[in-house]
Amino acid sequence: MTRTLIENGTVITATDTFAADVLVDGEKVAALLAPGTFDGEVDQRLDASGKYVVPGGIDVHTHMELPFGGTHASDTFETGTRAAAWGGTTSIVDFAVQSQGESAMAGLEEWMAKAEGNSAIDYGFHLILSDVNEQTLKEMDTAVDNGVTTFKMFMAYPGVFYSNDGQILRAMQKAGENGSMIQMHAENGIAIDVLVEQALARGETDPIHHGRTRPSIMEGEATHRAIKLAELAGAPLYIVHLTAAEALAEVTMARDEGANVFAETCPQYLFFGMNELGNGFEGAKFVCSPPLRDEAEYHQEILWTGLATGDLQIVSTDHCPFCMDPYDGLPAQKRLGEGDFSKIPNGMPGVENRMELIYHGAVTEERLSLNRWVEVCSTTPARMFGMYPRKGTISPGADADIVIFDPDTPHVISAETHHMRVDYSAYEGMELAGSVDTVLSRGRVIISDGDYHGSAGDGQYVERGFNELLI
Ligand code: URP
Ligand code: ZN
Ligand code: ZN
């Protein structure tokens, strides 16, 4: 078993900032020591002078190989998790998919097989429910017994992933019984489909119309409805990829009333607005759902405030990449929607960039503290998704998933240098203030000196427990 001493760094957890040397023994953190006091033997020493030593990032919203719109997300578990590691993320929770007419457990087994032997970092699963019936409800218990304690449902995408209010209520009632949690894609898909049909009939086919036909009030409406259904069912609720001021107001109101309602947002909604969807078909690179929001309505700053107040608890990526042009054996995926914005595969890349982007937007730009950065990117994801204290902190007994982060070496993002299997970066040319220097995954150095030292299959499946932040 390798023993490693990370010395001379500043340890940052969700609650504390202190100078300490971190002793790693095998896969675990063994001790945090006053700097310079360790006098035992180690196999390697990592110098973290002038750097932060933080818990590895946990991205609880990724879609490796997701089938969507006649194609599939371009990152495999092998390529996507390796890219995550480069960016300081040491665990993901990906979405297994129940296809309509199929069993939910069959979907979970399919995704387990995709990840096993391929993932570079530890991984867990949520399960997308697309077909809620008596069997599915029973399978929710089986999934929980297998460490899958969260289920995503869609109020959007009629005919694909969509569930009606009755199906949602039944699944929420089951979650209320077995301790699991429903994650909601909250957009009124039935109303949105009317707007999409009308726009196309008017000849409005460019990507900008993706944004215009999915108005923020329809996210607010769906968020309100999901909260009320969860209240009726007596179940907790987690809103995924929240983008809109109207939706955040609903979450805030529910939380002020003491409800177990939680929400995440994603970097794209903090850094970009609807203008990115302009510029002809180039805007396809920014097509995701819910869409990027109108800059004039200040959604972006309102989301940052939500992270500061705690009404938003997590930043995940919703990593769901599709190539613009033929790349690495993949077809021009986004171009499936040339001439019809509704056929552009929905999703954006980002799993590699989250830790550095949020450090930059939060800490460098003085919106959140260093500790809050760690909390929204690692500690709360671990606590809310049943992986804490094994993951999400640096303390004796925890998995040694550790990032040495250099706050003084900038990183310029580019598709030329990133590791995700996608031919563009939404953040192309953006200079971020700090960068990931070294990454340990369960005690093994997998990124250092600008090289990747891990291999496909290093990652292990994480059986998750329940949300420990319920009130
Ligand atoms: O546009 C997105 N968000 N694509 C991924 C699927 C989803 O709804 O999360
Ligand atoms: Zn979604
Ligand atoms: Zn998603």
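The values are calculated or read from the model by the stated rules, or taken from the named source; none is laboratory data. What you see is a predicted model; the values in this text were computed from it and never measured. Note that we place each Cβ from the backbone using ideal geometry, even for glycine, and neighbour counts take in every protein chain shown. The protein model used for the area step is the full one, side chains on, heavy atoms only, and it has no ligands, DNA or RNA in it. Shrake-Rupley method; radii C 1.70, N 1.55, O 1.52, S 1.80 Å.
Checked against the criterion of being farther than 20 Å from residue 112 by Cβ, among the charged types (D, E, K, R), without any contact (Cβ under 8 Å) to a residue 60 or more places away in the chain and assigned to a strand (DSSP E or B), segment 27-38 contains not a single residue that satisfies it. Residue-level check: of (1) assigned to a loop (DSSP other than H, G, I, E, B); (2) within 16 Å of ligand 1 (Cβ to nearest atom); (3) within 21 Å of residue 330 (Cβ to Cβ), residue 94 misses just (1). Of all the numbered requirements in (1) more than 16 Å from ligand 3 (Cβ to nearest atom); (2) buried (at least 21 other Cβ atoms within 10 Å of the Cβ); (3) aliphatic (A, V, I, L, M), residue 259 misses one, and that requirement is (2).
Could you list, in sequence order, all residues of segment 175-189 that are open to solvent by 10 Å² or more (accessible area, probe 1.4 Å), away from ligand 1 (no atom under 16 Å from the Cβ) and either β-branched (Val, Ile, Thr) or not in a helix (DSSP H, G or I) (or both)? Break it down stepwise before answering.
Residues of segment 175-189 that are open to solvent by 10 Å² or more (accessible area, probe 1.4 Å), as a first pass: 176-179, 188.
Keeping just the survivors that are away from ligand 1 (no atom under 16 Å from the Cβ) gives 176-179.
Listed by number, the list holds a single entry, 179.
The lone criterion from (1) surrounded by 24 or more Cβ atoms within 10 Å (Cβ to Cβ); (2) within 14 Å of residue 71 (Cβ to Cβ) left unmet by residue 299 is number (2).
State which residue is farthest from ligand 1 (Cβ to nearest atom) when the search covers only segment 146-174 and only residues that are part of a loop (DSSP other than H, G, I, E, B) and among the hydroxyl-bearing types (Ser, Thr, Tyr).
Within segment 146-174, the first condition is being part of a loop (DSSP other than H, G, I, E, B), and the residues that meet it are 146-149, 155-161, 163-164.
Filter again for among the hydroxyl-bearing types (Ser, Thr, Tyr), leaving 149, 157, 163.
Details: 149: 19, 157: 7, 163: 13 Å.
For segment 146-174, the residue satisfying everything is 149.
Condition check: open to solvent by 10 Å² or more (accessible area, probe 1.4 Å) and in contact (Cβ under 8 Å) with a residue 40 or more places away in the chain. Does residue 200 satisfy that? Considered against the rule, which asks whether it is open to solvent by 10 Å² or more (accessible area, probe 1.4 Å) and in contact (Cβ under 8 Å) with a residue 40 or more places away in the chain, residue 200 comes out as yes. Counting the residues of segment 145-157 that are open to solvent by less than 40 Å² (accessible area, probe 1.4 Å) and on the phi < 0 side of the Ramachandran plot gives 9. What do you reckon, is residue 63 of a type outside the set (A, V, I, L, M, F, W, C), within 16 Å of ligand 1 (Cβ to nearest atom) and open to solvent by less than 20 Å² (accessible area, probe 1.4 Å)? So residue 63 fits the description; yes.
Of all residues being out of contact with any Lys or Arg (no Cβ under 7 Å at 6 or more places or on another chain) and in a strand (DSSP E or B) in segment 368-420, which is surrounded by the fewest Cβ atoms within 10 Å (Cβ to Cβ)? Just the residue, please. Looking at residues that are out of contact with any Lys or Arg (no Cβ under 7 Å at 6 or more places or on another chain) and in a strand (DSSP E or B), I get 412.
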